[in-house]
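Please read the structure below before turning to the comments.
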Amino acid sequence: MTSYEQFHELAQSRRSTRDFLTTPIAPELLDKVLSTGLTAPSWSNTRPFMIAIAQHEQRDRLSKALVDRLRDSAELPGMGGNPDFTHQNPYPEVLLQRSQRVGKGIYDTLQIDRTDSKARFNFLERNYEFFGAPTALFFFTHRGLDQFGTLDLGLYMQATMLAATANGLGTCAQGYLGNYPDIIRSEFDVSDDYALVCGMSIGYPSEHPINGWQAERLPLEELLIRPSNS
Ligand SMILES: Cc1cc2nc3c(=O)[nH]c(=O)nc-3n(C[C@H](O)[C@H](O)[C@H](O)COP(=O)(O)O)c2cc1C
């Protein structure tokens, strides 16, 4: 039986990996990790999501197509993306500040100056190179379940990321990988009933300093809603 301390240790050691070794993941290990994700609960047990796995030549083809599209549309609003899921842009003020702190932490660690747009663009490209990972996952949810589908997907993703961590693998959930659904759809046989939400790079973490940088964890206190009469 896993103790709370063991669980806490595992949960807190999961951190987004943004630089991977090229070492491939053994197929049975990938299958095990993705299957463990299915221990997550799901709305009426519908599992309203699907997973596309890109490896080998397909991974390389997708990466090249994504980087090319990014470069071609660098001047366009939203980098020319036409994602199935969008969000308010810029973020609402309270969320914007948190997001900016992540950006600053990453750029500082990579010694990228705020004003160095070329270096910043290179980092953006790294997202579409899956940060060097040998495997990229793309997640779709059934449009019929609306936001509850994305909720279920999030639960699945976290269970999968913890299973990966427990097996020495690193992961990075990536909203960027949802930006160009047409490119992903061209490589996979996926029904129009399913919308692309995001992706995830998965593989063995390198020793790069970016993997040592740790995003802040907000104290629970900041997220608690006060009773209206206090
Ligand atoms: C749905 C989702 C999308 C994300 N998209 C990206 C992304 O496109 N690129 C990236 O570098 N990190 C991305 N992240 C990683 C977050 O920046 C990261 O989870 C957060 O800063 C907390 O750090 P931690 O994962 O190391 O605990 C994403 C995370 C989630 C959950």
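Quick one: give the max-minus-min coordinate of the C-alpha atoms of the stretch 90-152 along each principal axis, largest first, in Å.
Between the extreme Cα coordinates on each principal axis of the stretch 90-152 lie 43, 36, 16 Å.
Taking the convex hull of the alpha carbon atoms in the stretch 8-138, what volume per residue do you get, in Å³?
Per-residue hull volume (Cα only) is 181 Å³.
Please name which of 162, 191, 142 has its Cα lying farthest along the dipole of the chain towards the positive end, using unit charges on Cβ (Lys, Arg +1; Asp, Glu -1) and the Cα centre as origin.
162
So, with +1 on the Cβ of K and R and -1 on the Cβ of D and E, and no other charges, what is the size of the charge dipole of the stretch 18-151 about its Cα centre, to the nearest 20 debye?
Approximately 180 debye in magnitude.
Rounded to whole Hz and in sequence order, give me ³J(HN,Hα) for the stretch 173-182 from the Karplus expression 6.51 cos²θ - 1.76 cosθ + 1.60, θ = phi - 60°, writing x for Gly and Pro.
Each residue of the stretch 173-182 in turn: 5, 9, x, 3, 6, x, 6, 10, x, 4 Hz.
According to a simple spin-label model (label point 7 Å from Cα along Cα-to-Cβ), what is the distance in nm between residue 38 and residue 91?
Between residue 91 and residue 38, the simple spin-label model gives 3.4 nm.
Only Cα pairs under 8 Å and at least 6 apart count here; give the relative contact order of the stretch 138-230 as a rounded whole percent.
For the stretch 138-230, the relative contact order is 36 percent.
State the Cα centre-to-centre distance between the stretch 121-165 and the stretch 54-72 in whole Å.
Answer, in whole Å: 16.
Compute the label zone of residue 223 within the stretch 163-177: residues whose backbone N is under 19 Å from the point 7 Å along Cα-to-Cβ.
So the set is 163, 172-175.
In nm², what is the average projected area of the convex hull enclosing the Cα atoms of the stretch 178-230?
So the Cα hull casts an average projection of 8.0 nm².
Quick check on the chain: helices-only [θ] at 222 nm, where DSSP H runs of length 4 and up contribute -39,500 (n - 2.57) each and the sum goes over total residues. Nearest 500, please.
Helix-only estimate at 222 nm: -12500 deg cm²/dmol.
Which residue, 90, 55, 24, has the largest displacement toward the positive end of the dipole of the stretch 9-107 when charges sit on each Cβ (Lys, Arg +1; Asp, Glu -1)?
Farthest along the dipole direction, towards plus: 90.
Net charge around residue 50, counting only other residues with Cβ within less than 15 Å of its Cβ (Lys, Arg = +1; Asp, Glu = -1)?
Local charge sum for residue 50: -3.
Could you give the Stokes-Einstein D for the stretch 35-75 in µm² per second, using the C-alpha Kirkwood radius, 4 °C, 1.567 mPa s?
98 µm²/s
Three principal axis extents, largest first, for the C-alpha atoms of the stretch 125-204, in Å?
Reported extents, whole Å, longest axis first: 35, 26, 19.
Explain nothing, just compute: Karplus ³J(HN,Hα) = 6.51 cos²θ - 1.76 cosθ + 1.60, θ = phi - 60°, for every residue of the stretch 38-51 in order, whole Hz, x for Gly and Pro.
Computed from phi, the couplings for the stretch 38-51 are 6, 6, 5, x, 8, 3, 6, 6, 7, 6, x, 9, 9, 10 Hz.
Expressed as a fraction of 2.2 N^0.38 Å, the rule-of-thumb size for a compact globular protein of N residues, what is the C-alpha radius of gyration of the stretch 49-118?
Expressed relative to 2.2 N^0.38 Å, the Cα Rg reads 1.42.
Can you return the aspartates and glutamates within cross-link range of residue 104? Criterion is Cα-Cα under 14 Å, with same-chain partners fewer than 8 residues away left out.
Excluding near neighbours in sequence, the set is 113, 116, 216.
Considering the convex hull of the alpha carbon atoms of the chain, report its projected area averaged over all viewing directions, in nm², one decimal.
Averaging across all directions leaves 15.4 nm² for the Cα convex hull.
Can you tell me the relative contact order of the stretch 1-144? Whole percent, Cα pairs under 8 Å, sequence separation 6 or more.
The normalised contact order for the stretch 1-144 reaches 50 percent.
Every number here is computed from the coordinates shown, using simple stated rules; none is lab data. Nothing here was measured: the structure is a model prediction, and the numbers come from that model. Positions of Cβ are backbone-derived with ideal geometry, glycine not excepted, and every protein chain shown enters the neighbour counts.
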